[in-house]
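Following: one structure in structure tokens, then a few remarks.
The values are calculated or read from the model by the stated rules, or taken from the named source; none is laboratory data. Because the structure is a prediction, the values reported are computed rather than measured. Here the Cβ positions follow ideal geometry from the backbone for every residue, glycine too, while neighbour counts run over all protein chains shown.
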């Protein structure tokens, strides 16, 4: 979900929280940390007090695009009535 949302242009924690899946805050925080540790996303602080950050795909993360496309194709074929997200934006990559 987080990687998908990054491809759709979301960058900030509250934007991820607003996704239709309604992910709990503790799970979202954990996923963002894991993605950062795996070097799929990069965190950039944009405000010191209170601390706030934006997240960006790395080159490694942007290379997941074909995988997501394949999953969307599979869902279109096998999951009736699925609501697919709008078209992705060109990801801003940070390394």
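Among all residues of the stretch 21-41, there is at least one that is modelled with pLDDT of 95 or more, part of a strand (DSSP E or B) and in contact with a helix residue (DSSP H, G or I) (Cβ under 7 Å, 6 or more places away or on another chain). Within the stretch 42-66, the set of residues being out of contact with any helix residue (DSSP H, G or I) (no Cβ under 9 Å at 6 or more places or on another chain) and part of a helix (DSSP H, G or I) comprises 59, 60, 66.
Residues of the stretch 1-20 that are more than 26 Å from residue 70 (Cβ to Cβ), touching a strand residue (DSSP E or B) at 6+ places or on another chain (Cβ under 8 Å) and assigned to a helix (DSSP H, G or I): 13 alone.
If you go through the stretch 31-59 and pick out every residue that is over 16 Å from residue 6 (Cα atoms) and out of contact with any strand residue (DSSP E or B) (no Cβ under 7 Å at 6 or more places or on another chain), you end up with 5.
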